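Presented below is the structure to which this report refers.
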Amino acid sequence: MLFNSTLFIVFLLVFLGIYTFVARTRDQKLIAITVGSCIFYAGWDYRFVPLLLGTAVLDFFLAHEMEKQRENRVARKRLLVLSIVLNLGVLFFFKYTNFFLDSAYGLMDLFGMTRPTGFLEIALPVGISFYTFQSMSYTVDVYRGTLRARERPLEFLAGVSFFPHLVAGPIIRASVLLPQFEAFAPLPWAAYRRGVMLIAIGLFNKAIADMLGVVVDEMYAGQGPPTLLAAWTGTLAFAGQLYGDFCGYTDIAIGVALLLGFEIPPNFDLPYLSTSPIEVWTRWHISLSTWLRDYVYLPQMKRDFLAKRKPRPYRALFITIILAGLWHGASWTFVAWGLVQGTILNANHWLFKRYPKLKRTIVSGWPKLLAIGITFYLWLLGGIMFRAPSFGRTLEVAKGMHLGNGLGAPTYSNLLTFGLVVLGLVTGHFVSWLSNRSTSFQTSKVFWPALFLFTTFAMCFGGVSSSFVYFAF
Amino acid sequence: MTDQEILQEVRTYIANTFLDGDSKGLDENTPLLQTGIVDSMGIMELLSFIRDRFSLDLPEEEVRPENLENLKVIVALVNRFKKS
């Protein structure tokens with residue numbers, strides 16, 4: 001059930017009706033959320049609903065048991081390890097079995113060995129990377145003592161399955177959502193208005209993404225190396241598509257959550273205006289980068305800290321980013337993407353450490369513009385690896401961007417496409433800027449015309465029920 | 001050591017380590033993580049400094065970024081875990 005489909009609009013309206021007028025008590029509302037979320041998830045594939053609930057129930061009981069063993073550190077650690085092994089085991093089985101089997105088959109082919117028969121292709125449950133991380137972080141937080149395990153499973157089940165963020169994030173930690181599900185404090189009227197506007201903006205950004213997606217698909221499906229103009233058009237279009245698609249999805253998720261009375265923290269903060277790759281990761285998919293920081297990167301550093309050993313931040317960062325690459329997709333191109341991003345980020349940290357003045361220089365004026373340009377250029381290069389179907393195509397497009405395949409003969413049509421791609425890219429960020437950083441949309445004079453404009457644009461130009469890029473993760 | 005002295009020491013350390021010696025605009029409420037003054041790599045570096053300089057007995061669960069939110073929070077952390 002896609003956010004940009006008629007089916008979802010019908011689902012949302014019916015759900016809002018039941019949630020507001022039928023479910024009166026807090027428990028009834030929590031049950032409504034859980035059941036509604038299961039129906040929403042079953043819309044993708046009903047076979048995986050037990051997996052979703054099973055993951056949540058398991059973590060709930062492990063955390064509950066941990067709380068009972070508060071004084072027994074060894075028992076708590078065992079329960080934590082069990083939670084991590086089971087969660088990652090499920091994720092590994094569904095997401096990475098095919099990948100490792102394919103890689104093993106590739107090696108067997110290389111050595112002229114016969115492939116075994118009888119293996120099944122394993123279907124990927126949508127959103128598994130998101131809800132597994134979410135559910136697992138609950139047991140980690142309870143183990144660390146930063147969160148108390150809950151007595152009742154209802155709030156936790158509703159939190160993990162909460163449909164606005166179920167299939168593509170943001171990854172919301174239990175510490176953010178559980179207190180809201182326990183309090184059920186009504187939000188001010190302005191929050192509901194903001195929710196409606198965010199849904200419209202999300203659909204608008206998604207429509208832009210769909211339009212740019214046509215250009216991207218054409219370039220990546222093309223035969224032979226692209227020319228300079230074609231390569232830049234396609235690469236810029238992908239940057240716009242990825243932002244519009246994922247930020248659009250997140251805006252809709254936050255908007256729907258607001259309509260139900262819950263606040264989800266922002267997941268994007270104008271990432272393409274970042275002045276360094278380090279900054280990009282504090283402004284792009286914020287919920288994933290902070291999750292990786294707190295549950296993958298810092299624990300590695302913490303071990304050294306507690307043992308009073310010399311910290312190894314570059315190694316820890318490298319491992320974290322490679323895992324982030326694999327989290328995005330089970331393929332070697334994503335591993336390579338992680339390697340490149342890890343190298344870029346480490347180089348960036350080294351530069352800032354070696355030349356601390358640099359960090360202070362790029363905060364304004366032309367150094368800032370230059371820094372934004374370089375950062376965006378590196379992002380575009382990373383984007384090629386992210387999108388290209390193979391290493392071969394990655395190299396072809398990268399070569400094309402650097403005049404490796406000639407300038408090409410720019411026609412009016414090609415130049416117009418390039419111009420429209422840039423316009424789409426800029427518009428996506430401009431609308432997000434208006435929404436996040438300015439108060440324009442709060443006044444009725446702007447609110448209603450903007451709402452009309454965004455929804456009309458989305459209806460006219462958005463792809464009908466076109467899928468979201470991040471659903472594949 | 002008074003709160004003011006702790007604050008001043010940490011402030012000087014942050015300025016020298018992360019801001020090229022420039023502590024302008026760095027007050028007790030300045031968000032250190034949110035503004036990127038202390039990035040992910042700096043978190044453990046700063047915690048190590050605080051632990052060693054003020055001889056803290058930091059339990060494992062307190063080794064977390066939230067304890068470095070701003071200078072005020074850091075001073076509170078130092079006061080809570082100073083070895084008696």
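The values are calculated or read from the model by the stated rules, or taken from the named source; none is laboratory data. Keep in mind that what you see is a predicted model, and the values were worked out from it rather than measured. FYI the Cβ positions are ideal-geometry reconstructions off the backbone, even for glycines, and counts take in every protein chain you see. With ligands, DNA and RNA removed, areas are computed over all heavy atoms of the protein, side chains included. Shrake-Rupley method; radii C 1.70, N 1.55, O 1.52, S 1.80 Å.
Roughly how far apart, in whole Å, are the Cα centres of the range B:28-47 and the range A:384-407? Using only Cα atoms to place each centre, the spacing works out to 38 Å. As a size descriptor, the averaged projected area of the C-alpha convex hull of the range B:35-84 was calculated at 3.3 nm². Net charge of the neighbourhood of residue A:128, taken over other residues with C-beta under 12 Å away and scored Lys/Arg +1, Asp/Glu -1, is 0.
Under the rule a/c < 1.5 gives rounded, and otherwise a/b versus b/c splits prolate from oblate, where does the range A:204-306 land using the Cα gyration tensor? Note, shape of the range A:204-306 comes out oblate.
Note the full-extension length gain between residue A:10 and residue A:306 as 0.36 nm times their separation in residues minus their Cα-Cα distance, in nm to one decimal.
101.2 nm
Sorting the segments A:324-337, A:12-25 by their mean number of nearby beta carbons within 10 angstrom, highest to lowest, gives A:324-337, A:12-25. Rounded to the nearest 20, the size of the Cβ-charge dipole of the protein assembly as shown about its Cα centre is 880 debye, with Lys and Arg at +1 and Asp and Glu at -1.
Kirkwood radius for the range A:304-402, taken over all pairs of different Cα atoms as the inverse mean of 1/r, rounds to 15.3 Å.
Look at the dipole of the range A:6-185 built from charges on Cβ: of A:30, A:15, A:90, the Cα furthest out on the positive end belongs to A:30. Looking only at the range B:40-83, which residues have a backbone nitrogen under 19 Å from a spot 7 Å from the Cα of residue B:3 in the C-beta direction? Flagged as within label range: B:54, B:67-83. Angle of helix B:3-18 to the longest C-alpha principal axis of chain B, folded into 0 to 90 degrees and rounded to 10: 50°.
Total buried accessible area between B and A, probe 1.4 Å, nearest 100: 2200 Å². Beyond 22 Å in Cα-Cα separation lie the following of the pairs A:359/B:24; A:302/A:368; A:302/A:357; A:77/A:302; A:302/A:353; A:353/B:82: A:302/A:368; A:302/A:357; A:353/B:82. If a spin label sat at a point 7 angstrom from the Cα of residue A:82 along the line to its beta carbon, the backbone N atoms of the range A:131-152 nearer than 15 Å would be those of A:139-140, A:143. Counting only DSSP H runs of at least 4 residues, each contributing -39500 (n - 2.57), and dividing by the residue count of chain A, the helix-based mean residue ellipticity at 222 nm comes to -23500 deg cm²/dmol.
For the set B:22, A:102, the ranking by accessible area, highest first and with no ligand, DNA or RNA atoms included, is A:102, B:22 under a 1.4 Å probe. Across chain A, the volume of the C-alpha convex hull divided among the residues equals 185 Å³ per residue.
Relative contact order of the range A:17-81, taken over Cα pairs closer than 8 Å and 6 or more residues apart, is 16 percent. Apolar share of the accessible surface for the protein assembly as shown: 67 percent from carbon plus sulfur atoms, 1.4 Å probe.
Per residue, the range A:190-472 exposes 44 Å² of accessible surface when a 1.4 Å probe is rolled over the protein heavy atoms with every protein chain present. Diagonalising the gyration tensor over the Cα atoms of the range A:6-185 and scaling each eigenvalue by 5 before taking the square root yields semi-axes of 33, 25, 11 Å, largest first. The mean sequence distance of close C-alpha pairs (under 8 Å, at least 6 residues apart), as a share of the length of chain A, puts its relative contact order at 20 percent. Annotation for residue B:23 and residue A:20: the two label points, set 7 Å from Cα along the Cα-Cβ direction, are 5.4 nm apart. Compute the Cα gyration tensor for the range B:3-81, then decide on rounded, prolate or oblate, letting a ≥ b ≥ c be the square roots of its eigenvalues: rounded whenever a/c is under 1.5, prolate when a/b is larger than b/c in the other cases, and oblate in all that remain. The shape class here is prolate.
What is the percent of Cα-Cα separations in the range A:190-472 that go past 24 Å?
56 percent
Based on protein heavy atoms only, the range B:3-81 ends up with 44 Å² per residue of surface accessible to a 1.4 Å probe. With both labels modelled 7 Å from their Cα along Cα-to-Cβ, the residue A:71 to residue A:111 distance reads 5.5 nm. Each residue was assigned an accessible area with a 1.4 Å probe, and for residue A:131 the value is about 0 Å².
Report relative contact order for the range A:6-185 in percent, whole number only (criteria: Cα-Cα under 8 Å, sequence separation at least 6). List each step's numbers first, then the result.
On the way: 162 pairs, mean separation 55.9, N = 180.
Averaging sequence separation for qualifying contacts and normalising by length gives 31 percent for the range A:6-185.
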